[in-house]
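Take a look at the structure below.
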Amino acid sequence: MKSRMVFLLLVILVGSPVLAQQLTIESWRNDDLGIWRDIIIPAFNEQYPDIEVVFAPTAPAEYNAVLASKLQAGTAGDLITCRPFDNSLNLFLEGHLASLNDLPGMDNFSDVAKSAWITDDGSDVFCVPMASVIHGFLYNQDVFSELGIEEPATWEEFLALLEAVKADGTYAPLVMGTNDQWEAATMGFQNIGPNYWEGEEGRLGLIDGSVGYDDAGFVAAFEALAEWQPYLTDGYQAVAYPDAQNLFTLGLGAIYPAGSWDIGTFNPQVDFEMGAFRPPPPAGQDTCYISDHTDIALGVNTASSNQEAARTFLEWMTTAEFAELYTNQLPGFFTLSNHPINVEDPVAQEFISWRGECETTIRSSYQILSRNAEVNNENDLWNASAQVLNGTLTPQEAADFVQSRLATWYAPQQ
Amino acid sequence: MNSKRRKPFPIHIVVFLAPAVLIYTLFMIYPLIDSLRLGLYQAGEGGTEVFAGFTNYRTLLTSNIWAPTLWNAVKNNFIFFAVHMLVQNPIGLFLAALLSSRVVRGTAVYRTLIFTPTVLSVVLIGFIWRLILSPLWGISKDFLSFFGLGQFNQPWLGLESSALIVLSFISVWQYVGIPMLLFLAALIGIPDELIEAARVDGATGWNVFWRIKFPLILPTVGIVAVLTFVGNFNAFDLIYTTQGALAGPNFSTDIMGTFFFRTFFGFQLQPGNPIMGATIAGVMFLIILTGVLLYLFGWQRRLQRLEF
């Protein structure tokens, strides 16, 4: 016993200089803990056995607040998972994130991929882009074949299909709740919306002030969202995100408005074949638009005492090896690098194939428009979208509400 | 030499007071004062703080953006408090009266059972009640159907009209044990002679309770009321765990605590604003202070006079 204690003490004393090369990753992806610990970090250690990496995630809803406190107190990890746009930009401007302009391997990423983690003037990149997520609809293939229905190509077909599932009465046509509010905005409004506001054209129009949320495209998006109301599961007002996930994976629903990240969560849980279709554009519209959202990246904490090791890790993250590993281990997170990747999961493959068929855009509220602390565009969209589905706001009222709030502080919209 | 010996300075008092004074000053009084101070400053150039007087309070109380949210939170908080005062405390008193009667058997078991939810984690309480009330897997529908009322089941937590009231009831269910125990302790402390004398004079049980027992536990009624007030205006966790920081639907369950949290720490894409957060904390402090002062001067002092 005593000798073991002495041995432990020796290990701590002698071993600590080696362990100095320890990296801690801050992240909100607590769902991915196992994959980082068992697959990604061991793969990194095969090439760099001297650097010990610990993946230390926080609950998604608390991540921003917890990270801010840790950075201020100087206790944050060496590597920081970056939210897109302003949240990370502010961390960079406050000096918490290091510039990565000279990181070898950054040229593996396109300008679009880097756009979410770059200063407004484009002079400094501060996070290595990891992945984007794509919106669309997942469906239960067993239910579809049982009811004899097929993937819809247009919005009208989509509504007819929902009506058919509802008429049958066995399954919830559309599995989503509004309790947590963000699903209504993210899987609802931002999922189907780009077809109406023409993707980047509408989104950039909001930023330069040429269009507003009360203009035709955005009102039409709210109107389309309102058409979901009769088809949502019973009591959807009190259905939370995990409830909806469970309802779908238990095979009780037909269609699930999804973010591609759900694929990885659902795969081990479902005992039916999942299929996917992209947000169907209204009949007669030839171009389709999808939300291919730059979602996640990794940067270096300037206060880290292991800058070199941290940069080594980031450099490894720019390689094809990491891109392949990440995309296939976490189906639904699609690498933002230019490496040609072979996506193995069939549903994820379907999602990524839309990149070739449709114009892509990102969520309308993420760049610049949610910069304000008092009136926050993203929060307003959550509130308005949930209210449209709850029937407490009409689409026009919702659009006016969001627009009037944005106009209170954003000069180009005044 | 003067025969009158001066008493030596009572060092032992300082020694005994020191730990409490130090810890309270460091961890309660200093942060409180610093937070109130922060509410009087504004962010200047390059992360400095500039003294701004009551500008932040004026903004909070008058601007089109802040004021409606603030008043909504204050209103909701008063509703939350009213439900506790009108439901939790009377039920607590009723339970205490039952448990203090000699007719009821097994009072220790009931007392423990009723107090159990109070010591459970709020996160757990929120989770359990979310499940009970869930329109998908909850038992509330079956329960109502049992009485033939199944069609009246609603997604209670998802409707603007009912969410706040239902959350108040959940909180009442959790905390009813506290007023019950305080009332019970007070009721047990009433001397038997008073009650026996009243019985001899022919008072009914009802009369004994309202004419003898209740006036004697009035000090406890005041303490329970002020504890409820302070607890409710500091409440945050139940709303946050069940409805999230946006206190949906449409802010119908937003109380001071969630409003403060969202403003101070930020939420999702919304950046945190520590200065306005501190201002909201200042308003919370003022509301609670007012309530406690009303209690001290309006209730407790009158009671002391009554005792003469």
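The values are calculated or read from the model by the stated rules, or taken from the named source; none is laboratory data. From a predicted model like this one, the values you see are computed outputs, not experimental measurements. No Cβ is skipped: glycine too gets one built from the backbone with ideal geometry, and neighbour counts run over all protein chains shown.
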Out of (1) in a loop (DSSP other than H, G, I, E, B); (2) more than 17 Å from residue A:157 (Cβ to Cβ); (3) of a type outside the set (Gly, Ala, Ser), the odd one out for residue A:285 is which?
(2)
Just the residues that are in contact (Cβ under 8 Å) with a residue 40 or more places away in the chain and loosely packed, with under 13 Cβ neighbours inside 10 Å, please, taken from region A:344-357.
A:357
Please go through (1) under 25 Å from residue B:264 (Cβ atoms); (2) within 11 Å of another protein chain (Cβ to nearest Cβ) for residue A:387 and return the number of the only condition it doesn't satisfy.
(1)
Can you name the residue in region B:258-308 that is in contact with a helix residue (DSSP H, G or I) (Cβ under 9 Å, 6 or more places away or on another chain) and assigned to a loop (DSSP other than H, G, I, E, B) and, of all such residues, is surrounded by the most Cβ atoms within 10 Å (Cβ to Cβ)?
B:269
Here, helices (runs of 4 or more DSSP H) confined to region A:98-214 with at least 1 residues that are under 17 Å from residue A:297 (Cα atoms), at pLDDT below 95 and in contact with a strand residue (DSSP E or B) (Cβ under 8 Å, 6 or more places away or on another chain) are A:111-114
For residue A:312, are the conditions met, namely being assigned to a helix (DSSP H, G or I), more than 21 Å from the chain's Cα centre (by Cα), among the β-branched types (Val, Ile, Thr) and closer than 29 Å to residue A:120 by Cα?
yes
Would you check if residue B:247 is away from every other protein chain (no Cβ under 11 Å) and either over 25 Å from residue B:159 (Cα atoms) or touching an Asp or Glu at 6+ places or on another chain (Cβ under 8 Å) (or both)?
no
Give the residues of region A:390-403 that are more than 9 Å from every other protein chain (Cβ to nearest Cβ), over 23 Å from the mean Cα position of the chain (by Cα) and in contact (Cβ under 8 Å) with a residue 12 or more places away in the chain, sorted by residue number.
A:391, A:394, A:395, A:396, A:398, A:399, A:400, A:401, A:403
How many residues of region A:311-343 are within 15 Å of residue A:264 (Cα to Cα), without any contact (Cβ under 8 Å) to a residue 40 or more places away in the chain and out of contact with any Ser or Thr (no Cβ under 9 Å at 6 or more places or on another chain)? The answer is 1
For region B:257-277, which positions are within 19 Å of the chain's Cα centre (by Cα) and either at the interface with chain A (Cβ under 7 Å from one of its Cβ atoms) or closer than 19 Å to residue A:83 by Cβ (or both)?
B:261
Taking residue A:295 as the residue in question, decide whether it is within 30 Å of residue A:77 (Cβ to Cβ), buried (at least 23 other Cβ atoms within 10 Å of the Cβ), within 14 Å of another protein chain (Cβ to nearest Cβ) and not hydrophobic (A, V, I, L, M, F, W, C).
yes
Considering region A:81-111 alone, what residues qualify as being without any contact (Cβ under 8 Å) to a residue 12 or more places away in the chain and more than 14 Å from chain B (Cβ to nearest Cβ)?
A:102, A:107, A:111
What is the number of the single condition among (1) in contact (Cβ under 8 Å) with a residue 60 or more places away in the chain; (2) farther than 19 Å from residue A:377 by Cα; (3) more than 10 Å from chain A (Cβ to nearest Cβ) that residue B:254 does not meet?
(2)
Residues that are within 14 Å of chain A (Cβ to nearest Cβ), in a helix (DSSP H, G or I) and of a type outside the set (Val, Ile, Thr), drawn from region B:39-79:
B:45, B:46, B:47, B:56, B:60, B:66, B:67, B:68, B:70, B:72
Is it the case that region B:204-215 has a residue that's under 25 Å from the mean Cα position of the chain (by Cα), surrounded by fewer than 18 Cβ atoms within 10 Å (Cβ to Cβ), within 21 Å of residue B:87 (Cα to Cα) and more than 14 Å from chain A (Cβ to nearest Cβ)?
yes
Answer yes if at least one residue in region A:253-264 is small (Gly, Ala, Ser), within 14 Å of chain B (Cβ to nearest Cβ), assigned to a helix (DSSP H, G or I) and closer than 25 Å to residue A:32 by Cβ, and no otherwise.
no
Residues of region A:169-181 classified as among the hydroxyl-bearing types (Ser, Thr, Tyr) and surrounded by 24 or more Cβ atoms within 10 Å (Cβ to Cβ), total
1
Filtered residue count, region A:92-122, keeping only those that are buried (at least 20 other Cβ atoms within 10 Å of the Cβ) and of a type in the set (Gly, Ala, Ser):
3
On the basis of being buried (at least 19 other Cβ atoms within 10 Å of the Cβ) and within 14 Å of another protein chain (Cβ to nearest Cβ), does residue A:184 make the cut?
yes
Among the residues of region B:241-257 satisfying the criterion of being surrounded by 22 or more Cβ atoms within 10 Å (Cβ to Cβ) and among the hydroxyl-bearing types (Ser, Thr, Tyr), which is farthest from residue B:65 (Cα to Cα)?
B:242
